[in-house]
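The values are calculated or read from the model by the stated rules, or taken from the named source; none is laboratory data. In this text, all values refer to a predicted model and were calculated from it rather than measured experimentally. FYI the Cβ positions are ideal-geometry reconstructions off the backbone, even for glycines, and counts take in every protein chain you see.
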Amino acid sequence: MEDYTPKIIEGNYATMLVEVAKCKFCGSWMIERCKHWNSPFPKYIGQNFIAQVHRARWKFRSMRYSDEVDVCEECVQTERFKFTCYLCKKAWTTDNIQASFGYMGQDHLCKICYNTTSASVWASTVKELEEKHKYDFE
């Protein structure tokens, strides 16, 4: 990708690379919501940023995500934004994730368990989850 060169495709339009990410909860591709007042995207209804995102079946990245977890706006709105801690089995919002394991963060441990369980229980649970997901690939 380092040597990608944008290309003029027609008239005053070109192809360029944009950064996308996958939602850790639903697996959809996401893109940052564009500020329309300075957007390089066409202003025409059928070609504007939002129309192109919808045609690609991408979602918008939420501004509510933790350091390690990317979440789309739809998952936040439908509360898929929550995760169940592998250790305590309680549902928490992603800002309470202490550790994630597996491809696309299939298993999580919460900050509450990190602060309240013994070091030996935490270490054995981490070891168990690392073993469970050792063959996962990103």
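Within the stretch 87-124, work out how many residues are of a type in the set (A, V, I, L, M) and surrounded by 14 or more Cβ atoms within 10 Å (Cβ to Cβ).
6
Counting only residues that are of a type in the set (Lys, Arg) and free of Cβ contacts under 8 Å to residues at least 60 places away in the same chain, how many does the stretch 4-42 have? Walk me through how you get there before you give the answer.
At the first step, the residues of the stretch 4-42 found to be of a type in the set (Lys, Arg) are 7, 22, 24, 33, 35.
When the remaining residues are screened for being free of Cβ contacts under 8 Å to residues at least 60 places away in the same chain, the result is 7, 33, 35.
Matching residues across the stretch 4-42 total 3.
Could you count how many residues in the stretch 11-67 are among the aromatic types (Phe, Trp, Tyr), out of contact with any Ser or Thr (no Cβ under 7 Å at 6 or more places or on another chain) and modelled with pLDDT under 85?
4
When you scan the stretch 24-47, how many residues do you find that are part of a loop (DSSP other than H, G, I, E, B) and under 25 Å from the mean Cα position of the chain (by Cα)? First the steps, then the outcome.
Step one: filter the stretch 24-47 for residues part of a loop (DSSP other than H, G, I, E, B), giving 24-28, 32-35, 39-47.
Next cut, under 25 Å from the mean Cα position of the chain (by Cα) only: 24-28, 32-35, 39-41.
Summing the residues that are part of a loop (DSSP other than H, G, I, E, B) and under 25 Å from the mean Cα position of the chain (by Cα) in the stretch 24-47 gives 12.
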